[in-house]
Structure formats: structure tokens, C-alpha cells
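One structure below.
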Amino acid sequence: MKRILLLGGSAQQVVAIKTAHKLGFETILCDYLPDNPGKEVADHFFQVSTTDREDVLAVAQNMAIDGVLAYASDPAAPTAAFVAEKMGLNGNPLTSVEILCNKDRFRRFLCEHNFHTPYADSFDNLEEALEGLASGLYSDRVIVKPVDSSGSKGVAKIVLTEGWNSPSKLIDIKEKLMTAVSFSKRGRIIIEDYVDQSTYQVAGDGLSMDGELVFSCFANDHFNPHCKNPYVPIAASFPSILPERVQVKIRSEVQRLLSLLNMGTTTYNFDIRINDREEVYLMEVAPRSGGNYIPQVIQYATGFDMLEAVILATMGEPVSVPEQAVTKGFWSYFAIHSTKDGLLKKIVIDPTVESQHIIENHIIKFPGDEVTAFTGANTTLGILVMRFDSSEQMLRMMDDHSSWLEVCLE
């Protein structure tokens, strides 16, 4: 029996362990948390951080694995590439994965190869960041991010209109900068110009085989402007409302990126913006499957099981891939969230929505549990996988969830 090493055993990653079992593989799991739910499912568990490359490599060598996968995890993706390179397993160049997983290196790479990308610079401390903001090189709106975090943690918008550096406004700006720093393992942040978009931000996943983008499925990102961090998606709805000509341009730019990076076989999670000139801005191309059950939503929408495909490819097994995604129906994930801290009293879902539109319910917080205001993917109360009768209904319900869902706190 072939052995696969899976990096991460969170609630959303358990599905990868179960799928590997279904395909007949023995599963080895690494996670730094001793009480992660994945260890109850995996054949073998090692309490090792998925970002500790040498320790993970030691586990991989001792267990004589045949493949390694960082499912839905940005921080673990470089570790998977490192282990695969060291052991001669299917994977992707470590240097390329590190470019995709570090926002400062990614922006430089895009700029050097003439992709559409916002002006950006990275900084190691508060003083340098403030000097950068005052340099006059930025537009009047910028986004600050940790260079090496995921799930939109620590992301904030800063407006540089006249008087932005007054003492009162600097207090808020410094807080945003320090929050971004706190989410970076390297203590480094990137500040980039805000990219205006003509429509929904593009979400979705893709799959490359030997460097060729053989499958992609794009979606519409949805946000809640009332959240503490309004730049974290609360939903992604399929299919994308973009015309096919724009989706062709997106695939072309993604393929150009993968070719330049000499990528191999892996899945990708996209964050892409399209401006009013239909120019493609690759905001993020993460070398891993999307979280929030995106691969499962795509399977409902297209019939293609991306998770099964990437596990088989990781293990060197043949994979059958459709020529392109043909989305039937209207589907989404929705991240249940709170705009405030507190104790959860109840989650109220309209009974009609619950019976007619919710296909899978992955609620992980229950009455009496402590919840925090939504600031990143790690603060969701659970995920709903949903279907709809029309695109209009789907977009309306994802843009205004208050009409069918309420999170009540004590």
C-alpha cells in the first residue's frame, strides 16, 4: 500500500485524509496541534509543525512515503515542495513555490515579467513602512498585507488623501501596519496600490499537470463591508459572471505564470482582479487547493473531483481530467461569521433556505462557544455549501445574507 503524507489536520483538511483512504492509500499526518481532528482519521499521526521542513522530512523518510500533499494550506506548501525535492517525489520547484507563497517575491516576479501588477514595496519595520507611504510613489489608496500569511489575515486598507499623516490619523495607520506585521512569520509586510475592479473579484481553483493548466473553474468573491476585516471573502459563487473572452485571458496569464515558474502537477487557488479595461491582475495564485470546501463546491458544479485528482497525481497515479469546466447550476460556499466578539447564543437560518439551498452544513461553533469578530478564515463559525435556482438568486443571497441568516450572541 502506497503511503501519502498530508500536512495539516484541521476540520477542513479531514476530507483530504478520507479521500486518500478511499483511494486505497495509507495516510500519515503531520500537525503541530495535539488535538487536531485529522489525527482521529489518519493511520499515523506525528505532532510536528507543517512549517518545520527538516522535522517533516525526517517523518517522511522514516515512514518511506510515496507522496506529500499540503491540502488547502499556504504555510505548508513550501514544506511539501521541500520534501518532494529531497525525496525525488512528484512536486514543484521549491523556489517557485516560495515565490507564489511570499507576496513580496511574487509581486517582484510579476513586475519583472511584465504582468499587470500594482506598484508595491515591502518593509521590515514600522519606520520604513511610514517612509514608504510618504515617498509619493503610491496612489491615494493602498493595501497593507503580511508577506507570508494566508486567509486574508492582517490585511487592511489605508487612504493617503491630504492630511493622512496627521497625528490623529497616524494612530490608526500605525495600528494597521503593526497588525499586518503580527501576522507575518518573517515580521515583514508589503504595501501595494489598491487595484480597482469592474466586477466581482475572481476566485476559484485550477489544476496543472506537468506545468499545463488542464482545468480551471472561476467564481465570484463576496465580502461583508461591515466586518472588522472587510477584505476577507465570506463566500465564493459559481459560475463566474465574467464573459468567456475574459476567462480565456485569465487562463492565458495563469499559464504564462506557470510556464515561467516551471511548475509541475498541483492545484491552485486564485484571487484575481479585472479592471475596466479587462486587464488581468493576478493578486494571488496559491499553489494549493482552496479552503472553505471550494473543491467540493466545484465538484457539485462541474462533476470533477479536484481533490481526488490531486491526490492521485501526487501519488503518481493516472488522472482523467475534463477538457474544461462546464458548470451546471449555481453553487457557492458561505462562511458563517460574526461581526463582533462574544458568546454564541444561536445561528438562525431561514427554514426555506435550509431545506432548499443548503447541501452541506459544516458548522463548527455551537451555543455557548466563544466567537471572535471575523478577521480571517480562522475565525469562521462554519461553512455552508449551497445551491441556487438562478445566478440572480445566488448573487443576491451571497451579497445580502442578512435576509436569511442571523448570528445571535449572548
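Nothing in this text is a laboratory measurement; each read-out follows from the coordinates by a stated rule. Predicted model only: the values in this text are computed from it and were never measured. In this analysis, Cβ positions are derived from the backbone assuming ideal geometry, glycine residues included, and neighbour counts consider all displayed protein chains.
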With a sphere of radius 12 Å drawn around the Cβ of Gln13, what net charge do the other residues whose Cβ falls strictly inside it have (Lys, Arg +1; Asp, Glu -1)? +2
Between Phe366 and Lys2, what is 0.36 nm times their sequence separation minus the Cα-Cα distance? Round to one decimal in nm. 127.2 nm
In a Gaussian network model of the chain with springs linking alpha carbons closer than 10 Å, the residue among Gly342, Gly91, Gly151 that fluctuates most is Gly342
Each residue of region 143-158 in order: what ³J(HN,Hα) in whole Hz does its phi give by Karplus 6.51 cos²θ - 1.76 cosθ + 1.60, θ = phi - 60°, with x for Gly and Pro? 10, 10, 9, x, 6, 9, 10, 9, x, 6, 6, x, 7, 8, 9, 10
Space enclosed by the convex hull of the alpha-carbon atoms of region 119-193, per residue, Å³: 72
Subtracting the Cα-Cα distance from 0.36 nm times the residue separation, let me have the gained length for Ile358 to Tyr32 in nm, one decimal. 114.1 nm
With the charge dipole of the chain built from beta-carbon charges (+1 for Lys and Arg, -1 for Asp and Glu) about the Cα centre, the Cα from Ala77, Leu6, Tyr200 projecting farthest to the positive end belongs to Leu6
Virtual spin-label span in nm between Ser391 and Glu54, 7 Å along Cα→Cβ: 5.4
Given charges at beta-carbon only (K, R positive; D, E negative), |dipole| of region 22-135 in Debye: 420
Between region 1-56 and region 275-298, what is the separation of their alpha carbon centroids in Å? 25
On the principal axes of its Cα set, how long, how wide and how thick is region 87-224? Give whole Å, largest value first. 54, 37, 29
Rounded to the angstrom and largest first, Cα extents along the principal axes for region 73-118 equal 36, 19, 11
Relative contact order of the chain (C-alpha contacts under 8 Å, at least 6 apart) in percent is 14
Using 7 Å Cα-to-Cβ label points, what is the Glu40/Lys86 separation (nm, one decimal)? 3.1
Test of understanding: what is the full-extension gain from Leu409 to Glu323, defined as 0.36 nm times their sequence separation minus their Cα-Cα distance? 26.3 nm
Pairs of lysines in region 202-409 (C-alpha under 28 Å apart; 8 or more residues apart or interchain): 8
Over the chain - Rg/Rh using Cα atoms and the Kirkwood inverse-distance radius: 0.95
Ranked from fewest to most other Cβ atoms within 10 Å of their own Cβ, Cys30, Cys101, Cys408 fall in the order Cys408, Cys101, Cys30
Radius of gyration and Dmax for region 1-151's Cα atoms, expressed in Å? 18.8, 60
Along Cα→Cβ, 7 Å out, is where each label goes; now give me the distance between the ones at Lys185 and Met209 in nm to one decimal. 3.2
Would you mind getting me the FRET efficiency between Asp172 and Asn62? Use the beta-carbon distance for r and R0 = 30 Å, nearest 0.05. 0.05
Charges at C-beta only: +1 for Lys and Arg, -1 for Asp and Glu. How large is the resulting dipole of region 86-174 about its Cα centre, in Debye rounded to 20? 400
Expected sort for Asp124, Asp276 with the fewest Cβ neighbours (10 Å cutoff) up front is Asp276, Asp124
What helix-only [θ] at 222 nm does the chain give? Using -39500 (n - 2.57) per DSSP H run of at least 4, over all residues, to the nearest 500, the answer is -9000 deg cm²/dmol
For a label point 7 Å from the Cα of Arg256 along Cα→C-beta, name the residues of region 70-112 whose backbone N is under 17 Å from it. 106-112
Using the Cα atoms as the points, what is the convex hull volume per residue of region 202-409 in Å³? 125
